[in-house]
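The values are calculated or read from the model by the stated rules, or taken from the named source; none is laboratory data. Keep in mind it's a predicted model, so treat the numbers as computed, not measured. Note that each Cβ is placed from the backbone with ideal geometry, even for glycine, and that neighbours are counted across all protein chains shown. To get the accessible areas, we keep the full protein, side chains included, count just its heavy atoms, and leave off ligands, DNA and RNA. Shrake-Rupley method; radii C 1.70, N 1.55, O 1.52, S 1.80 Å.
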Amino acid sequence: MAHLKLENLAVSSITSDILENTKKAIGFAPNMYVTMGNNPALLDAYTYAYNTFRANSGFSPVEQEVVFLSVAYENNCEYCMAAHSFVGDMMTKVPTEVTDAIRDGKQIPDAKLAALSKLTRSLTVNRGNVSQAEVDEFLAAGYTEVHVLGIIAGIGTKTMSNYSNHITNPEVDAAFAGRVWKKNKKEDVVFLTINTIPNPENMEGFQLYLSKIMPIFMANGGVKVERYKTVEQLIGNSGIKMLGIFEFPNEQIIKNMLASAEFNALSTLRAEAFRQLDLFICKPF
């Protein structure tokens, strides 16, 4: 991974003022602020976006932290995961079990916060391109369409800090050291690979099935990796038309999901919507 040295650079008055005000507010200037401050536009934009998100996004302090943690998780930002875990513990008072669930990629034990985290993660991973079913599920949890835009404000804020941290690699401050974090190793996650031939005579049923299955995947920690359609089959005669790949925390979650009442309630629709449907659990090797 690339790393900027940022040596012997002059500090602008904009950066100096922000660092000084931050020291007065919390007692120190986080290392992330110092590295971002090498370009005053970056630090100034970040702190403004951060402050207005805190003040104007329409989320409670706990919900704000859930958004920030969920974005940092998907962007694999170790610094921000440590920092916002600390802030959640000590300042915004996020229940520890909620923070730990996000850190571990597990189901959040609060239905409304779980819905907030799921949509935040999906918007982050899919660059804003989420399904109507995902938005409807979020709204059904008690949020509004305005809150969807609030999530986008949080994603924009954290994207600046996450990307900066990736390329500048600031040391985690001593204040956050008790909450250092590394994402689960890739070999610990699994992928649900789906090969399908939709029923061309029931494309309406196919689209309906997709709108119903995606919330089930999301509720079980599934994250869309990619979806493909077949352009040309070069070898074989399976006739597969679509391929979907979804990441899940572990194998047992997938097996439990496929055995669940919610999944099996779609069996008739599934049979009518597909001519062929093959599901595989895969791991990196």
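Some notes on this structure:
- Restricted to region 156-185, and to residues there that are outside any helix (DSSP H, G or I) and more than 19 Å from Phe68 (Cβ to Cβ), the residue that is least open to solvent (accessible area, probe 1.4 Å) is Asn184.
- Of all residues in region 74-100, those that are in a helix (DSSP H, G or I), touching a residue at least 40 places away in the same chain (Cβ under 8 Å) and open to solvent by less than 20 Å² (accessible area, probe 1.4 Å) total 6.
- For region 253-270, a residue qualifies if it is open to solvent by 80 Å² or more (accessible area, probe 1.4 Å) and under 24 Å from the mean Cα position of the chain (by Cα), and the qualifying residues are Lys255, Asn256, Glu262.
- Selection within region 119-155: residues that are in contact with a Leu (Cβ under 9 Å, 6 or more places away or on another chain), small (Gly, Ala, Ser) and not in a helix (DSSP H, G or I). The member of this set that is nearest to Phe68 (Cα to Cα) is Ala141.
- Residues located in region 172-215, provided they are over 16 Å from Ile281 (Cβ atoms), aliphatic (A, V, I, L, M) and in contact (Cβ under 8 Å) with a residue 40 or more places away in the chain: Val172, Ala175, Ala177, Val180, Ile197, Leu208, Leu210, Ile213, Met214
- Residue in region 25-33 that is open to solvent by 50 Å² or more (accessible area, probe 1.4 Å), free of Cβ contacts under 8 Å to residues at least 12 places away in the same chain and either among the hydrophobic types (A, V, I, L, M, F, W, C) or touching a Pro at 6+ places or on another chain (Cβ under 6 Å) (or both) present: yes
- Some residue of region 131-138 being farther than 30 Å from Ile240 by Cβ and within 18 Å of the chain's Cα centre (by Cα): yes
- All positions within region 237-260 that are without any contact (Cβ under 8 Å) to a residue 60 or more places away in the chain and either farther than 30 Å from Ile108 by Cβ or in a loop (DSSP other than H, G, I, E, B) (or both): Asn237, Ser238, Gly239, Ile240, Lys241, Met242, Ala259, Ser260
- Candidates are the residues of region 233-250 that are of a type outside the set (Phe, Trp, Tyr), modelled with pLDDT under 90 and within 22 Å of the chain's Cα centre (by Cα); the one that is most open to solvent (accessible area, probe 1.4 Å) is Asn250.
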